[in-house]
Amino acid sequence: MSAITSRPIVKIVTGQPTSDGAGVRLNRVIGTADLAELDPFLMLDEFRSDQAGDYIAGFPDHPHRGFETVTYMLAGCMRHGDNQGNSGLLRPGSVQWMTAGRGIVHSEMPEQEDGLMWGFQLWVNLPARDKMTAPAYQDIDPERIPEVAPGPGVVIRVIAGDVAGVAGPVAAPATEPVYLDIALGDGAGHVQSLPAGHAGFVYVFEGTARVGGSVLQHGQLGVLGEGGAVETVAQDGPARLLLVAGRP
Ligand code: FE2
């Protein structure tokens, strides 16, 4: 039995297969259904394929404006470049937190011709006062993302926010985000405190997890209800999930 009162899951969403860019196959988890309670999060895509035809066309030049795009790579390499002369390589385990602000035209193209390409892209809205801010990048190498083991069978990569006093490298003052990659061994659990007032979700991308008393299967996203901490427990084997929250 759990002694804590966890935030509940108030809605469960299953990703929908779609394609974007020049024909990249992906699973759109936020962005198809109406999820107003997830403000500031506009979209979450998971891309995962070892078939080059699913990703090789990439995302040629396209614009973004008024929000932030967050790319988290698990496997494979993606080259990005923009109309301001910036470019960089996203490697496995790395994160790019891009503030599009008043506007940017960029491309995101695979830097591989075969093998597994796997990762996530999240869109985070900006408040009205920040929509016309200058474009900016935070390119974060895998080595800069701390891994914390706050309990038995639990390993957490802290991309943004704070776990057991260890802070992630991302600075995004507009939404004060929490972005955690939580790996749980079979039966292992973690209780993560979140700021009251933050909207948030859990997305299970490996295994099955019990979150706030609800069961989320692989590929399902649970919208968190109000409260403080959220409890996540692996069920029927190891599980891995994203826990993301931010100020609406
Ligand atoms: Fe983009």
- Item | By average C-beta atoms within 10 angstrom, highest first, the peptides 147-157, 73-83 | 73-83, 147-157
- Using every Cα-Cα pair within the range 59-158, state what percent have a distance larger than 16 Å. 60 percent
- What FRET efficiency would be calculated for the residue pair Ile12, Val166, taking the C-beta separation as r and a Förster radius of 25 Å, to the nearest 0.05? 0.25
- Query: Which whole-angstrom value gives the distance between the alpha carbon centres of the range 73-108 and the range 128-165?
  - Reply: 16 Å
- Message: Could you work out the pair-distance distribution P(r) of the range 130-248 from its alpha-carbon pairs, with 10 angstrom bin width and percents rounded to whole numbers?
- Response: 14, 45, 32, 8, 1
- Take the Cα pairs of the chain, get the Kirkwood Rh, then feed it into Stokes-Einstein at 4 °C and 1.567 mPa s and tell me D in µm²/s. 71 µm²/s
- Query: Among Met78, Ala209, Ala134, whose Cα sits farthest toward the positive end of the charge dipole of the chain (+1 at Cβ of Lys/Arg, -1 at Cβ of Asp/Glu, about the Cα centre)?
  - Reply: Ala134
- Message: Keeping every protein chain present and rolling a 1.4 Å probe, give me the accessible area per residue for the range 1-121 in Å².
- Response: 45 Å²
- Message: Taking all protein chains in place and a 1.4 Å probe, what share, in percent, of the accessible surface of the chain do carbon and sulfur account for?
- Response: 50 percent
- Note on the structure: A correct Karplus calculation of ³J(HN,Hα) over the range 60-69, with 6.51 cos²θ - 1.76 cosθ + 1.60, θ = phi - 60°, whole Hz and x for Gly and Pro, returns x, 2, 8, x, 9, 7, x, 8, 10, 10
- Task: Using Cα centres only, tell me the gap between the range 191-219 and the range 10-28 in whole Å.
- Result: 19 Å
- Note on the structure: Relative contact order in percent for the chain (Cα pairs under 8 Å, 6+ apart) equals 21 percent
- Item | Percentage of interatomic Cα-Cα distances in the range 14-111 larger than 16 Å | 60 percent
- Query: Between Ser214 and Met132, what length comes free when the chain is fully extended (0.36 nm per residue of separation minus the Cα-Cα distance, one decimal in nm)?
  - Reply: 25.6 nm
- Message: Taking amide H atoms as placed 1.01 Å from N in the peptide plane, list the residues 5 or more away in sequence, or in a different chain, whose amide H sits under 5 Å from that of Gly31.
- Response: Leu44
- Message: Tell me the accessible surface of Trp97 in square angstrom (1.4 angstrom probe, heavy atoms of protein chains only), to the nearest ten.
- Response: 0 Å²
- In a Debye calculation with equal point scatterers on the alpha-carbon sites of the range 122-200 and no solvent, what is log10 I(q)/I(0) at q = 0.11, 0.14, 0.23 Å⁻¹? -0.35, -0.55, -1.17
- Table column - 3J(HN,Hα) (Hz), the range 220-228, Karplus curve with 6.51, -1.76, 1.60, x for Gly and Pro: 9, 10, x, 7, 7, x, 6, x, x
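The values are calculated or read from the model by the stated rules, or taken from the named source; none is laboratory data. All of these numbers come straight from a predicted model, not from anything done at the bench. No Cβ is skipped: glycine too gets one built from the backbone with ideal geometry, and neighbour counts run over all protein chains shown. Keep in mind that these areas ignore ligands, DNA and RNA; they rest on the heavy atoms of the full protein, side chains included. Shrake-Rupley method; radii C 1.70, N 1.55, O 1.52, S 1.80 Å.
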